[in-house]
Structures are given as structure tokens and as C-alpha cells.
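Here the structure is laid out as C-alpha cells; the discussion comes afterwards.
The values are calculated or read from the model by the stated rules, or taken from the named source; none is laboratory data. The structure displayed is predicted, hence computed values, not measured ones. Note: ideal-geometry Cβ built from the backbone for every residue, glycine included; neighbour counts use all protein chains shown. Areas reflect the complete protein model, heavy atoms only, side chains present, ligands, DNA and RNA absent. Shrake-Rupley method; radii C 1.70, N 1.55, O 1.52, S 1.80 Å.
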Amino acid sequence: MALRNTSDYYKGVGNIPFEGKDSDNPLSFKYYNPDQLVAGKRMGEHLKFAVAYWHSFCGTGADPFGPGTLQHPWDIPSDPMDAAKAKADAAFEFIEKIGFDYFCFHDFDLIREGSSLKESEKRLAKIVEYVKGKMQKTGVQLLWGTANCFSNPRYMNGAATNPDFKVVARAGAQIKLALDTTIELNGHNYVFWGGREGYMSLLNTDMKRELDHMGRFLGMARDYARKAGFKGTFFIEPKPMEPMKHQYDFDAATVIGFLNHYGLESDFKLNIEVNHATLASHSFAHELEVAASHGMLGSIDANRGDYQNGWDTDQFPNNITEVTEAMLILLEAGGLKGGGINFDAKIRRNSTDPEDIFHAHIGGADTFARALLIADRIINSSRYTQLRKERYSSFDQGHGKKFEEGRLALKDLYEIAMEGEEPKLRSGKQELFENIINQYI
Ligand code: XUL
Ligand code: CO
């Protein structure tokens, strides 16, 4: 097949405009209007949407029960550089048309991995130049880069936590190259998702040693990148399981404990993914709140799970209540620390029209935009913030205030309780809070 010079992979779809909620044009945004001001900031600044290279341009729909249903024309060329360039053409055509400012990638999303480390290094260096040209031409920026240290069979027992040092070194080499690539493309952040950092069986696993190795490894990666001039934030993306039975980055609380233990807390923050929260038996809001309350809410991988099954379905977001609760936390936290909202989501295996990927991102962006507008109204016009504040008002003065300031001992509590009456029951008003959210939706 002859390679296309000017990209027209998504023929028939133009730039996606904002047309408002009354438009019946399916290829328009109903709520996402990047220049609209919300809480004193452009909507596009609150919601730095990114397109995930892997799902959108590498995913074929293959699953354990059957092959892919999508045949991407850019995958046809047998020469890896030709294929990678064609893929970048398609990717940037899509990102421009959808109108987002960012993308995210794994190293070998950009180009097929070589048969040796040397060959891979050469390939990455070449495609980086090409992608850089695309970025300069379109103004699209790199929200974050990462390395795929989980697909290649060499990582079947882990990357940084592999019991074989040779594999750990190989992972180090790969991450050095992925960091170089990210820095070269001016990446705002760098993500670590420890896909196979965990265990399948505790019987063959020295957990303490593996965790120590991971802590040391991440410190080495940080030191290397800082020395090379990387000013961005490193993110850890928690996920409890799949592919491993247990992954060390189980959830936000576990990761924060890990980062503190290994002295990584000032360079690293968290990238919270909706479906990973579900897998950990948490809500998305819970994971965001844990991260935010530690000042560690760095970025979001936007998607949704499925209520009827227990795996990582990575569907596009459409649950307005779930995302509204998330946007309340985001606004109250004063935004994300360096990151954005990456659509780590894939269209279904039977969504086979080229326009389906547009519907998916339009729906995801509109869900977040609408939720942001609702959350802003809840904060400004409803009793939500005040009601919650009132629940804690006994700590705003008197003994409660002294308690918070660390000026009371346990014996003081004893005396205060002895002098007082039995505390009255005070309602938590959960149903009222829930109604407020519904009213503003
Ligand atoms: C896997 C996942 C990854 C990370 C990046 O569940 O979420 O795509 O976001 O490696
Ligand atoms: Co993710």
C-alpha cells in the first residue's frame, strides 16, 4: 500500500465544534467548551484532556477469545519506521480534529520494539524527531510519557521487582530511553504504572526485597531524569490487580505509604484511574480524596469500569454522578498537580466505524465538562460546602479547637467528658447531601 502524504485517515469527520446541549449534531461537543470560564479559569485549563496513543491508535479490539476487529491502515507497512510515521500521522490528525491539547504514550506505542535494545534505541530516536515535528506543527503537547515494561515476555516476573537482576537492568535501560524520549518531547510528566510489579504467588516471592528494589529503582529513575533537566512530576498509577494477582501499587493509600517509606514523596504524585479504583473496591471519588488530602493528586486516567464484572473494561466515561463527585474533589483541591485528564479508555470490540473513536472522546469530554459545571454550581449555589463545614464546627472553637492544635492530652478529654453531658446524636444527613448532588445535575 502506498503511504499517504497528507493524512486523511478520518475522512468525513472534520474538526469537532462546540455547539451546546441543544445541538443534535452527534459530532459536536454539547458541554465541552474550552474557552468558557469556570471558577475563574478556562474550562480547557481545568480539563487538560489527553488522547491515549495505545488505546486509540494501537488497540485493535483483540481479546482472549478472538483477533482484532479493527485493521488500522497505519499498521500495514512492514517497515517499522513507515508504520510508525503513518500511525503518528493518524494520531495527530485525530488529536487536531478532536481539539485536545495533549497526548500520552508508552515508548513502544510510538514504534514497534526492535529485536535488540540497540535497535529499539535507534528506532525511538528516529520516531521522536518525526513526532516532534508533528507537535510543533499542531501545538499539541505531551502530557506524559511512560514505558511499556509489562507486555514483553521478559517482564513476566516483573520489571523493577524481577527476581533476576538482568531483567531489572534491562528495565532500567528501557526506562532511561523512555525518559530521554519524554524529555526530548518536552513531556510535562512521566508515569510509572507497575503492570507486573507484584506477584502471582507469595510462595515464590520475597516481598520485602522486591519492594526495596522498586523503591531503589524509582529513585534511580528520578535522579537520572532530574540530572537530564526534567522539571515535571513523576506519577505512580495505582492498580490492585490484573495482570498480576496482587500489584504492589494496590491503591492510593498504599502508594502514598510506599512513597513516604522510600523518600520519594516530593518528586512523585499519583495518577488516579477510575477503573483501577473500582478494581480495588473503592469509588473513584475515594481514590481522588485520598490523593488530594495528602497533596498528591497529580493526574487522572479517565474511563469507567462495569458494575457487572470485575475486570478492567476501560470504557469511556459516561457516569455523570460519579464524575460530578470527582469534580467536586478536583475543584476543592484547587486542581491537579501538574497533570491532566487522559482518556485511558477504548472503544468496544464491535465499534468498528472510524467515527466511533470521535463519539467516544466527545462523550468522555462532555461528561467531564458537564460534571465540572455542575460541581462548580454545587459549590457556589448550594448548601453543600456549608453543611459539611457545620458537621465539624465543634472543632472551630473552645476545646475542639485546642484538640486540633494539639493542646489537649487524653486526660483532658477525660475531664471534659466527665464535666459534660452524654453527647446528643447528630445526623450525618447523607440523604440530603445525595439530594443536593441530584438537584444540581
Ligand atoms: C493499564 C493502564 C496503563 C497505564 C499506563 O491498566 O492503565 O495503560 O495507564 O501504562
Ligand atoms: Co491508566
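Annotations
- Meets criteria (free of Cβ contacts under 8 Å to residues at least 60 places away in the same chain and over 23 Å from the mean Cα position of the chain (by Cα)) for L203: yes
- In the range 85-108, the residues that are without any contact (Cβ under 8 Å) to a residue 40 or more places away in the chain reach residues that are open to solvent by less than 20 Å² (accessible area, probe 1.4 Å) and aromatic (F, W, Y) with C-beta atoms within less than 6 angstrom, at least six apart or across chains, in these pairs: K87/F57; K87/W74.
- Enumeration of residues in the range 145-162 that are open to solvent by less than 30 Å² (accessible area, probe 1.4 Å) and of a type in the set (S, T, Y): T146, Y155, T161
- Considering residues of the range 254-268 that are away from ligand 1 (no atom under 16 Å from the Cβ) and buried (at least 21 other Cβ atoms within 10 Å of the Cβ) only, the residue nearest to T313 (Cα to Cα): I256
- When the range 307-335 is limited to residues that are within 16 Å of ligand 2 (Cβ to nearest atom) and more than 22 Å from H188 (Cβ to Cβ), the one that is most open to solvent (accessible area, probe 1.4 Å) turns out to be W311.
- Residues satisfying the stated conditions in the range 353-408, i.e. under 25 Å from the mean Cα position of the chain (by Cα), more than 22 Å from A333 (Cα to Cα) and open to solvent by 20 Å² or more (accessible area, probe 1.4 Å): P354, E355, D356, H359, G363
- If the condition is being of a type in the set (A, V, I, L, M, F, W, C) and either within 16 Å of ligand 1 (Cβ to nearest atom) or under 22 Å from the mean Cα position of the chain (by Cα) (or both), then the range 76-105 contributes A88, A91, F92, F94, I95, I98, F100, F103, C104, F105.
- From the list K11, K48, the one residue that fits, being outside the structural domain of Q141 (by TED's automatic domain parsing) and touching a residue at least 60 places away in the same chain (Cβ under 8 Å), is K11.
- Restricting the range 163-207 to residues that are more than 16 Å from ligand 1 (Cβ to nearest atom) and among the basic types (K, R), the residue that is least open to solvent (accessible area, probe 1.4 Å) is R170.
- Picking from residues in the range 227-253 that are closer than 21 Å to G340 by Cα and open to solvent by 40 Å² or more (accessible area, probe 1.4 Å), the one that is nearest to ligand 1 (Cβ to nearest atom) is A253.
- Residue count for the range 269-308, restricted to those that are among the polar types (S, T, N, Q) and within 15 Å of ligand 1 (Cβ to nearest atom): 5
- If you go through the range 73-84 and pick out every residue that is free of Cβ contacts under 8 Å to residues at least 60 places away in the same chain and touching a helix residue (DSSP H, G or I) at 6+ places or on another chain (Cβ under 9 Å), you end up with 5.
- Filter result (in a strand (DSSP E or B) and either touching a helix residue (DSSP H, G or I) at 6+ places or on another chain (Cβ under 8 Å) or modelled with pLDDT under 95 (or both)) within the range 1-42: F29, L37, V38
- Residue count for the range 286-337, restricted to those that are under 16 Å from the mean Cα position of the chain (by Cα) and among the aromatic types (F, W, Y): 1.
- Within the range 94-112, the residues that satisfy the criterion of being open to solvent by 30 Å² or more (accessible area, probe 1.4 Å) and farther than 30 Å from S28 by Cα are F108, R112.
- Positions within the range 113-140 being outside any helix (DSSP H, G or I), surrounded by fewer than 17 Cβ atoms within 10 Å (Cβ to Cβ) and touching a helix residue (DSSP H, G or I) at 6+ places or on another chain (Cβ under 8 Å), in sequence order: G114
- Near pairs, Cβ below 6 angstrom, 6+ apart or cross-chain, from the range 286-310 (modelled with pLDDT under 95) to any residue that is away from ligand 2 (no atom under 14 Å from the Cβ) and among the charged types (D, E, K, R): none
- R196 meets the stated requirement of being in contact (Cβ under 8 Å) with a residue 40 or more places away in the chain, touching a helix residue (DSSP H, G or I) at 6+ places or on another chain (Cβ under 6 Å) and either within 16 Å of ligand 2 (Cβ to nearest atom) or farther than 30 Å from A360 by Cβ (or both).
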